[in-house]
Ligand SMILES: [Zn+2]
């Protein structure tokens, strides 16, 4: 009987936890939609590591009159380094 109670308790806690996660997810999603500017929220590809990321989070770089966006400053620096290698 005691084991059954523990088992029921575990099930109940798992249920509560799942419900909490669901609530957290829906809240963050709703907040995301409200605060974000739709125009700025474009997914673009990092030309260096080829991952997709929101443009507004990107690191901008102007190369030969072209606007490039990178997922991180690290990728931007590596891209610049690789460009310089090609030219020399
Ligand atoms: Zn990158």
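The values are calculated or read from the model by the stated rules, or taken from the named source; none is laboratory data. Just so it is clear, the model here is predicted, and its values are computed rather than measured. All Cβ positions, even for glycine, are placed from backbone atoms using ideal geometry, and neighbour counts span all protein chains on display.
Within the bounds of the range 70-82, is there any residue that is part of a strand (DSSP E or B), at pLDDT 95 or above and surrounded by 10 or more Cβ atoms within 10 Å (Cβ to Cβ)? Looking for residues that are part of a strand (DSSP E or B), at pLDDT 95 or above and surrounded by 10 or more Cβ atoms within 10 Å (Cβ to Cβ), one finds at least one in the range 70-82, hence yes. Kindly indicate whether residue 53 is under 30 Å from residue 79 (Cα atoms), modelled with pLDDT of 85 or more, within 16 Å of the ligand (Cβ to nearest atom) and more than 14 Å from the chain's Cα centre (by Cα). No; evaluated as a whole, the condition is false for this residue.
Would the range 28-42 turn up any residue that is modelled with pLDDT of 85 or more, within 12 Å of the ligand (Cβ to nearest atom) and within 17 Å of the chain's Cα centre (by Cα)? Within the range 28-42, not a single residue is modelled with pLDDT of 85 or more, within 12 Å of the ligand (Cβ to nearest atom) and within 17 Å of the chain's Cα centre (by Cα).
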